[in-house]
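Colleague: There's a structure below that I have some questions on.
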Amino acid sequence: MTRSVPARDVAALLQRTSWTLTVGGNDERADLWEHLDSGASLYLPHRLNLGSFVWSDVLERIGAVLRKPASEVLRDIELGWYDVTRFRVDSDGLGTQTVPLDAAATVVNSAFGMLRAAATTARQPRQAIGQNYSKIGDELARQARLAHTEPGSFVFPVLMRVGEPSTEDHPSLEGLDEVTPESSERRIVRTLAQALQAFDRHVVQPATDPSMESLLPVIYAGGAKEIFSQLLNAMKQPAVDWVETSFAWAAEERAPTDLPEKLTFPIESQELVERAVKVLAGPSAEPIRVITGPIVQIRHLPGEPFGEIAVQSPNPRNFKVGRIEMRVRADQLGEIHLWMDSGTTVVVEGIVEKRPNRAARLRDLAVPRDLGGLIEG
């Protein structure tokens, strides 16, 4: 029997919280799960309807074991599929958990503007977007949801549901190793997080006047003028003394361990943000293409001096997971394997050549670099 979406989501939570599937199969009507630490057991029907008595009973039973109310269990189930970006600004200090309405409206608009810009630069890094927003990126950005505000000054949680990437079948070859690609939705939120992280590391923390040289790691990470223009709009609000972004990653999709958890931009950094926007608005020279993304495939035959890898790079024409293939030195493959296994975002520069009915390819020998290492300088 095919499992319903709610049943699959509950099963995913059980797997994350130390439950073990002991009896189950497509020929059964329910699966038996056991929590070994507490000795509790739970039958999970394959067909589970939201809001039904059985649904409520399942939440209560899980909550009793995890020592959580059913409402928190429900939230954990829902957020298991969502990357959450929390945009936080300070309140007026009156203890009312309020913020001026016009400031709130600006912050919400800025949050969407930053996410929309990241949806374009996630497909290809660029210094400025102008009118050239990606139509596919815009469609993905419109999927984001605004959740209920949370306590703690004033917090706007923005939820992006991660999805299964639309993959292409590739033949199984000798010496081939590959991993599940990153979803398009995760790529957007990761791009925003790493762009802000790079900006904090190379501009805000050193408190130095931004230049095109210092902003290169920011651009590689996906930071375009439009992201920081939106950040600046939020910082300019009279009631705002700082803007904070924090990130929580969906449990249902593996996240690299080097992604930031929280980034704070105080009002004192407003002038630096403004200067960076002016630099990024200047002339752009892009003689080569910058490719960023996780490594999804490695092929190497023993004794060969070179190997082949594929870096995930969005298909510009559709929602399918694209990739760019390239040659690398065999002596770098040990490090490259570690990057692929950990989902590390890499950066590669070079001239990309299109090939009929095949993945695009980098013309020359590639030298991938860890984006996190570039961000850290």
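Colleague: Cα centroids of region 9-52 and region 101-145: how far apart, whole angstrom?
Modeller: Answer, in whole Å: 39.
Colleague: Dipole size in debye (nearest 20) for the chain around its Cα centre, Lys and Arg Cβ +1, Asp and Glu Cβ -1? Walk me through the numbers before you get to the answer.
Modeller: On the way: 41 positive and 51 negative charges, 219 e Å.
Its charge dipole is roughly 1040 debye.
Colleague: Further question: Report the local net charge at residue 63: Lys and Arg +1, Asp and Glu -1, summed over other residues whose C-beta lies under 13 Å from its C-beta.
Modeller: Result for the local shell: 0.
Colleague: Let me ask something else. What distance in nm separates the two pseudo spin-label positions at residue 5 and residue 20, each 7 Å out from Cα along the beta-carbon direction?
Modeller: Result for the modelled spin labels: 3.3 nm.
Colleague: Here is a further query. For residue 278 and residue 208, what does the FRET efficiency come to when R0 = 25 Å and r is the distance between their Cβ atoms, rounded to the nearest 0.05?
Modeller: Working: r = 15 Å, r/R0 = 0.60.
After rounding to 0.05, the efficiency reads 0.95.
Colleague: Under the Karplus relation 6.51 cos²θ - 1.76 cosθ + 1.60, θ = phi - 60°, what is the ordered set of whole-Hz ³J(HN,Hα) values for region 205-219, x standing for Gly and Pro?
Modeller: Whole-Hz 3J(HN,Hα) from phi for region 205-219: 4, x, 6, 10, 4, x, 10, 4, 5, 6, 8, 4, x, 5, 5.
Colleague: With 33 Å as the cut-off, how large is the P(r) tail for the chain, expressed as percent of Cα-Cα pairs? Provide the component values of the computation, followed by the final result.
Modeller: Working: 28000 of 70876 pairs.
Above the 33 Å cut-off, the chain has 40 percent of its Cα pairs.
Colleague: Given a 1.4 angstrom probe, what's the average accessible area per residue across region 201-275, in square angstrom?
Modeller: For region 201-275, the per-residue accessible area is 44 Å².
Colleague: Amide H of residue 255: which non-local residues (sequence gap of 5 or more, or other chain) have their own amide H closer than 5 Å, using H built in the peptide plane?
Modeller: When sequence neighbours closer than 5 places are left aside, there are no close amide H contacts.
Colleague: Run the simple label-point estimate for residue 331 and residue 319 please: 7 Å along Cα→C-beta, distance reported in nm.
Modeller: Roughly 4.5 nm, to one decimal.
Colleague: Among the aspartates and glutamates, which have Cα under 16 Å from the Cα of residue 320 when same-chain residues fewer than 8 positions away are ignored?
Modeller: Result set, ordered by chain and number: 138, 139, 164, 168, 169, 182, 185.
Colleague: So, how do all the Cα-to-Cα distances of region 4-79 break down into 5 Å bins, in percent, from 0 on up?
Modeller: 3, 17, 31, 29, 16, 4, 0
Colleague: What accessible area per residue, rounded to a whole number of Å², is obtained for region 4-79 using a probe radius of 1.4 Å?
Modeller: Accessible area per residue, region 4-79: 59 Å².
Colleague: Further, regarding this structure: Over region 290-376, average the accessible area per residue using a 1.4 Å probe and give it in Å², no decimals.
Modeller: In whole numbers, region 290-376 has 48 Å² accessible per residue.
Colleague: Between region 338-371 and region 273-332, how far is it from one alpha carbon centroid to the other, in angstrom?
Modeller: 4
Colleague: Find how much the distance from residue 49 to residue 135 grows on full extension, using 0.36 nm per residue of separation minus their present alpha carbon separation; answer in nm with one decimal.
Modeller: Extending this stretch completely gives an extra 27.4 nm.
Colleague: Just to be sure I understand the model, the point goes 7 Å from the Cα along the line to the Cβ. What's the resulting residue 32 to residue 264 distance in nm?
Modeller: That separation, rounded to one decimal, is 5.2 nm.
Colleague: A further question on this structure: What are the ³J(HN,Hα) values, in whole Hz, obtained from phi via the Karplus relation 6.51 cos²θ - 1.76 cosθ + 1.60 with θ = phi - 60°, for each residue of region 57-65 in sequence order, with x given for Gly and Pro?
Modeller: Going residue by residue, I get 5, 4, 4, 5, 5, 5, x, 4, 6 Hz, with x marking Gly and Pro.
Colleague: Given the DSSP H assignment, sum -39500 (n - 2.57) over each helix run of at least 4 residues in the chain and divide by its residue total; what's the result at 222 nm in deg cm²/dmol, nearest 500?
Modeller: Result for the chain: -10500 deg cm²/dmol, rounded to the nearest 500.
Colleague: Based on Cβ point charges of +1 for Lys and Arg and -1 for Asp and Glu, what charge dipole magnitude is obtained for region 4-79 about its Cα centre, in debye rounded to the nearest 20?
Modeller: 120
Colleague: Can you pull the percent of the chain's accessible area that's carbon plus sulfur, 1.4 Å probe, other chains left in place? Could the numbers behind the result be given before it?
Modeller: Values: 9210 of 18700 Å².
The nonpolar share, carbon plus sulfur, comes to 49 percent.
Colleague: In addition: Using 0.36 nm per residue, how much length does the chain from residue 306 to residue 358 gain when fully extended, once their Cα-Cα distance is taken away?
Modeller: 16.7 nm
Colleague: Let me ask something else. How many Lys pairs in region 82-281 lie less than 19 angstrom apart by Cα atoms, where the lysines are 8 or more positions apart or on different chains? Intermediate values should be presented prior to the final figure.
Modeller: On the way: 135/225; 225/236; 225/278; 236/278.
The result is 4.
The values are calculated or read from the model by the stated rules, or taken from the named source; none is laboratory data. All figures in this text were calculated on a predicted structure; none of them were measured in a lab. For neighbour counting, all protein chains shown are included, and Cβ atoms are generated from backbone atoms with ideal geometry for every residue, glycine included. Ligands, DNA and RNA are excluded from the accessible area calculation, which covers all protein heavy atoms including side chains. Shrake-Rupley method; radii C 1.70, N 1.55, O 1.52, S 1.80 Å.
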